[in-house]
Each structure stands twice: as C-alpha cells, then as structure tokens.
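Visitor: Submitted below is the structure of interest, expressed as structure tokens.
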Amino acid sequence: MINAKLAAKSHLHHQTIVKLSEQVSFGGIQLVIIGGPCAVESKEQMETVAQKLSTAPVQALRGGVYKPRTSPYAFQGMGEEGLKILAGVRSRYNMPVVTEVMSISQIEAIAAHADMLQVGSRNMQNFDLLKALGQAGKPILLKRGLAATIEEFIMAAEYILSNGNPDVVLCERGIRSFDNYTRNVLDLGAVAALKQITHLPVIVDPSHAVGKRELVAPVAKAAIACGADGLIIECHPEPEQSVSDARQALSLEDMVSLVNSLKPVAAAVERNISEELGVGLEPAPLCLSAA
C-alpha cells in the first residue's frame with residue numbers, strides 16, 4: 001500500500017483535471033499532445049515549429065531552455081533568451097508552452113514565460129526543488145526517474161501536492177535496463193497502474209523511451225491504447241541537425257502524420273484529440289529582432 005495521502009484515489013472515479021490554458025486540460029476525454037524540439041535553438045526554429053503544429057491537432061509546445069546534459073561540454077540551452085522566444089511563439093500562436101526547470105533559482109523566470117514547468121527524470125527526487133514547485137503557482141509535469149519505482153514516482157508527486165500545488169501531471173518516459181537497443185524501456189504497465197492508483201493525469205514520452213524516431217509512432221499508439229492522457233513528443237524542422245537528441249526527433253511532417261494516426265486509437269478507448277486549438281490562426285508578421 002502506497003502511503004500517498006494526496007496523490008491516491010479516494011474512489012474509483014476520482015480524476016483530477018489539470019488546466020493548462022482556457023482550451024487545454026489534462027485528464028478529461030480529450031487527449032493532450034505536446035510537440036516541439038528537445039531544445040530551443042533559435043527564434044526561427046521555434047517559429048517554424050509553432051506555425052506547423054498550430055494547424056495540426058497539437059495542443060501545446062515543448063522546448064528546453066535549460067538543458068541537463070550528461071556531458072558538461074554539450075549544449076546547455078539558451079537560458080533567458082530561450083524563454084523569451086517561447087513566450088513569443090506562445091502569444092503569437094495561442095499555444096501553451098512546457099519547459100524544464102532544473103533549480104529553485106530558475107522557477108520565477110520560467111513561471112513568468114511558460115504555462116507548465118517540467119521536472120526532468122534526473123530531478124525527480126530533488127526534494128527541495130519539488131517543495132518549491134509546490135508554491136510555483138503553475139502546473140507541473142513530473143517525469144519518472146531513470147530507475148524510479150512506481151512508489152518513488154508517486155511520492156515525488158506527493159512532495160509537490162503536499163506543498164500546495166494540486167496541478168501535477170505524471171509522465172512515464174521509460175526506465176533503464178540491460179538492453180540498449182532502445183534508449184530506455186517504456187513501462188506501459190506503470191501507466192495502467194498509475195491510472196488505477198492515483199487521480200493525477202498520466203502522459204507518456206515515447207521519444208525518450210525508445211530513442212529512435214522510427215519506433216516513436218508504434219509506442220505512442222500503445223500508450224494511448226493503455227490509458228495515457230496524452231503524449232509529449234520531440235520534433236524538429238531538421239531532425240538530423242538538432243543540437244540535442246537528434247536521433248529520436250521526428251520531422252514536423254512526421255509529427256503531424258503521427259498525431260492524425262492516433263485518432264482511431266483514441267476513439268477505440270473512448271477518447272478524442274481536439275482539432276480546434278490553433279486552426280485558422282493568422283499569426284502576426286514575424287519580427288526576427290531580439291525579444
């Protein structure tokens with residue numbers, strides 16, 4: 001028995017709805033699809049991504065501006081400049097944005113520019129950060145740790161909930177195993193279990209789970225079929241040129257094709273994917289000067 005006083009379901013139909021914007025919510029009948037690059041690289045890049053995805057059934061944008069990298073010599077993100085870029089496309093295309101927070105000192109700036117703060121797998125048990133996010137005033141996307149048990153994952157969410165923030169979305173992104181053919185092992189059993197144990201919405205990150213773009217679509221469909229409330233998927237205007245996680249990034253065309261292919265799967269499990277957000281928007285002329 002997991003002693004999660006706040007995260008655990010109180011009854012069979014207990015389900016929290018986490019509101020990302022006026023049009024986008026996690027945990028209801030509609031699935032939420034989040035798309036975008038691993039890292040924000042330029043204003044032109046994010047403009048291209050937002051323009052393409054805003055006309056597809058994609059409800060939110062992702063893009064990292066502070067990047068936790070294994071090597072200290074790898075690209076670490078654009079920082080505050082990247083946040084301004086995200087805020088710009090968010091406003092122009094009426095699409096909420098999700099980006100990662102790595103430390104307490106970054107919370108205020110990120111919360112001022114983004115709609116949802118993501119806790120990456122490496123920080124799932126950064127308890128001081130989790131406590132601070134309990135007072136952030138913004139929804140939190142909490143990713144499962146690289147080798148975290150289901151109980152540890154739920155209790156990490158409990159830290160955020162117990163510090164005053166009820167808006168937590170769990171994200172299964174795969175756990176490490178002995179087999180390195182896929183980047184991680186996507187634990188869809190955990191998705192089903194989390195939906196039974198907790199009232200929190202649960203989404204899946206197929207990109208980090210498999211690490212190979214040709215495997216993303218099949219596992220994305222499987223995630224929806226087993227009850228996930230949405231997906232967060234990496235895509236890029238030029239995947240092979242991505243400065244981070246190039247091998248797993250989809251092209252924008254493949255991203256749109258994948259999302260459309262999810263519709264019959266969603267219908268089979270009595271869910272749907274909204275096509276209203278972003279369709280028909282006429283973005284203002286692009287200004288490439290610094291924000």
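Visitor: For region 200-211, what does the Karplus curve 6.51 cos²θ - 1.76 cosθ + 1.60, with θ = phi - 60°, yield as ³J(HN,Hα) per residue in whole Hz, taken in order and with x for Gly and Pro?
Guide: So the J values, rounded to whole Hz, are 7, x, 10, 10, 10, 10, x, 5, 6, 5, 9, x.
Visitor: Then there's this: Per residue of region 131-145, in order, report the coupling 6.51 cos²θ - 1.76 cosθ + 1.60 (Karplus, θ = phi - 60°) as ³J(HN,Hα) in whole Hz, putting x for Gly and Pro.
Guide: 4, 5, 5, x, 10, 6, x, 9, x, 10, 9, 9, 8, 5, x
Visitor: Taking the chain as a Gaussian network, Cα atoms linked when under 10 Å apart, which of A266, A50, A192 shows the biggest mean-square fluctuation?
Guide: Highest fluctuation among the options: A192.
Visitor: Share of antiparallel DSSP beta bridges in region 32-273, in percent to the nearest 5?
Guide: Working: 1 of 27 bridges.
In region 32-273, approximately 5 percent of DSSP beta bridges are antiparallel ones.
Visitor: Compute the distance from the alpha-carbon center of region 84-118 to that of region 146-188, in whole Å.
Guide: Cα centroid of region 84-118 versus Cα centroid of region 146-188: 22 Å apart.
Visitor: Continuing with the same structure: What ³J(HN,Hα) values, in whole Hz, does the Karplus curve 6.51 cos²θ - 1.76 cosθ + 1.60 give for region 221-236 when θ = phi - 60°, with x put for Gly and Pro?
Guide: With the stated coefficients, region 221-236 comes to 5, 5, 4, 5, 4, 8, x, 4, 8, x, 9, 10, 10, 8, 8, 8 Hz.
Visitor: Hey, any idea what the orientation-averaged projected area of the convex hull of the chain's Cα atoms comes to, in nm²?
Guide: Quarter of the Cα hull surface area: 14.3 nm².
Visitor: Any chance you could run the full-extension gain for F178 through S10? It's 0.36 nm times the residue separation minus the Cα-Cα distance, nm to one decimal.
Guide: Details: separation 168, 0.36 × 168 = 60.48 nm, distance 3.70 nm.
Residue separation times 0.36 nm, minus the Cα-Cα distance, leaves 56.8 nm.
Throughout, read-outs are computed from the coordinates displayed, never taken from laboratory work. Keep in mind the model is a prediction, meaning the values are calculated, not measured.
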